[in-house]
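What follows is a single structure, written as structure tokens, with notes after it.
What follows is calculated from the coordinates using simple rules that are stated; it is not laboratory data. Remember, it's a predicted structure, so these values are computed and weren't measured experimentally. When we count neighbours, we look across all protein chains shown, and the Cβ atoms used for this are built from the backbone with ideal geometry, even at glycine.
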Ligand SMILES: [Zn+2]
């Protein structure tokens with residue numbers, strides 16, 4: 001059982017009208033909510049970054065549930081290809097501004113909701129000002145610069161950031177809130193994937209119902225935080241697989257070295273996220289002179305099949321290993337590698353592997369410096385393995 005993020009003092013000015021009592025009667029029947037829970041929902045202010053696949057169901061259901069104020073950030077117009085999943089919009093709306101349509105649609109569902117439209121991009125310049133009036137932020141964006149930005153400003157402002165993402169047949173969700181005891185997005189993903197390594201919906205496709213499911217997981221988490229019931233997804237990472245039809249969740253840990261929420265933070269205000277997320281290839285290229293040799297996923301498979309003397313070392317974190325692993329790999333998280341060198345054989349070749357290839361390159365360099373001769377980096381990490389060798393290995 002958790003505490004509500006809406007302070008008691010916020011309820012003083014608010015009452016439920018006769019119309020409210022009728023409209024929300026199914027909520028009022030729940031002993032966990034009753035009138036006080038509904039008052040908290042009415043007092044709550046929720047911001048949705050993006051009014052697309054995730055933001056559509058989240059905003060619509062939160063409005064129906066009676067959230068007092070819903071902010072929407074989006075600059076797009078409705079395109080016919082949106083209609084397969086963005087249920088705020090209809091065929092007649094194609095070509096119109098999304099926020100105009102969203103506001104009408106939400107008011108049709110519940111005229112009492114105060115809808116605030118931010119018809120702009122969510123940027124380093126405006127993000128802190130936009131989130132300031134809100135209690136909780138739902139990140140419905142589909143790109144890495146916005147995810148890091150949304151994470152960072154929420155950490156700075158001590159507001160829960162409800163994360164969701166979807167691709168193909170899989171979805172993920174978590175609540176990032178260091179001030180409530182969990183990690184932030186950067187604790188999990190200190191570095192963005194190389195550009196192009198993690199395609200968005202427009203590139204990889206997505207089953208239309210999937211953002212509905214994940215967007216409503218986000219809305220559910222928002223309502224739980226607002227009312228103060230249940231166990232929030234703080235410190236847990238949820239993965240939904242539509243093909244297998246299962247939800248799995250993994251415990252997350254805070255990274256003491258995290259540059260925004262760690263013990264010695266180094267980032268205190270928004271940075272240039274486009275540059276941060278585009279910088280991976282540039283820095284990789286500039287370091288190529290002293291780069292460690294690499295193998296592709298397919299080459300690695302061939303080496304394993306031909307039974308070369310090979311040790312595959314996975315330098316990711318245990319929670320990541322729990323989600324997906326390459327059979328036969330040995331887990332030694334990057335942070336422990338230096339003190340566990342004795343566990344590694346000096347004969348044969350060592351292949352170092354992580355999620356997308358950046359951490360393993362660091363690990364491989366460390367091993368080279370420690371005198372290991374035959375060290376290779378698995379290019380593209382387990383992502384490439386799943387893509388090119390074994391698609392049954394889950395991607396995250
Ligand atoms: Zn962090």
Which angle from 0 to 90°, rounded to the nearest 10, does the C-alpha axis of helix 358-369 make with the longest principal axis of the chain?
30
Order of 179, 264, 355 under a 10 Å beta carbon neighbour criterion, fewest first:
264, 179, 355
Cα centroids of the stretch 201-258 and the stretch 323-388: how far apart, whole angstrom?
29
Ranking 74, 20 by Cβ neighbours within 10 Å, fewest first, what do you get?
20, 74
At q = 0.14 Å⁻¹, what is the base-10 log of I(q)/I(0) for the stretch 1-104 according to the Debye formula with one equal point scatterer per Cα and no solvent? Please give it to two decimals.
-0.63
Counting pairs of alpha carbon atoms under 8 Å apart in space and at least six apart in sequence, what relative contact order in percent does the chain give?
14
So if I take the centroid of the Cα atoms in the stretch 72-126 and the same for the stretch 135-163, what is the distance between those two points in Å?
19
Among 352, 323, 138, which one shows the biggest mean-square fluctuation in a GNM of the chain, springs joining Cα atoms closer than 10 Å?
323
Stokes-Einstein D for the stretch 280-391 (10 °C, 1.306 mPa s, Kirkwood Rh from Cα pairs), in µm²/s, comes to 114
Of 246, 377, 151, which is the most mobile in a GNM of the chain whose springs link Cα atoms less than 10 angstrom apart?
246
In degrees between 0 and 90, to the nearest 10, how far off the longest principal axis of the chain does helix 273-286 point, with axes built from Cα atoms?
10
How far is helix 210-227 tilted off the main Cα axis of the chain, in degrees rounded to 10, range 0 to 90?
60
Order by neighbour count: 245, 309, 304, fewest other Cβ atoms within 10 Å first, most last.
245, 309, 304
Need the C-alpha centroid separation for the stretch 35-58 versus the stretch 1-26, integer Å.
13
Would you work out the relative contact order for the stretch 105-228, in percent, from Cα pairs under 8 angstrom that are 6 or more residues apart?
22
Kindly work out what percent of the DSSP beta bridges joining two residues of the chain are antiparallel, to the nearest 5.
40
In a Gaussian network model over the chain where Cα atoms closer than 10 Å are linked, find which of 225, 54, 337 has the largest mean-square fluctuation.
337
Projected-area mean, the stretch 108-227, by convex hull of Cα positions, square nanometres
8.6
Taking max minus min of the Cα coordinates of the chain on each principal axis, largest first, gives extents in Å of 78, 44, 40
At 222 nm, what helix-only mean residue ellipticity would the chain give, in deg cm²/dmol to the nearest 500, using -39500 (n - 2.57) for each DSSP H run of four or more?
-10000 deg cm²/dmol
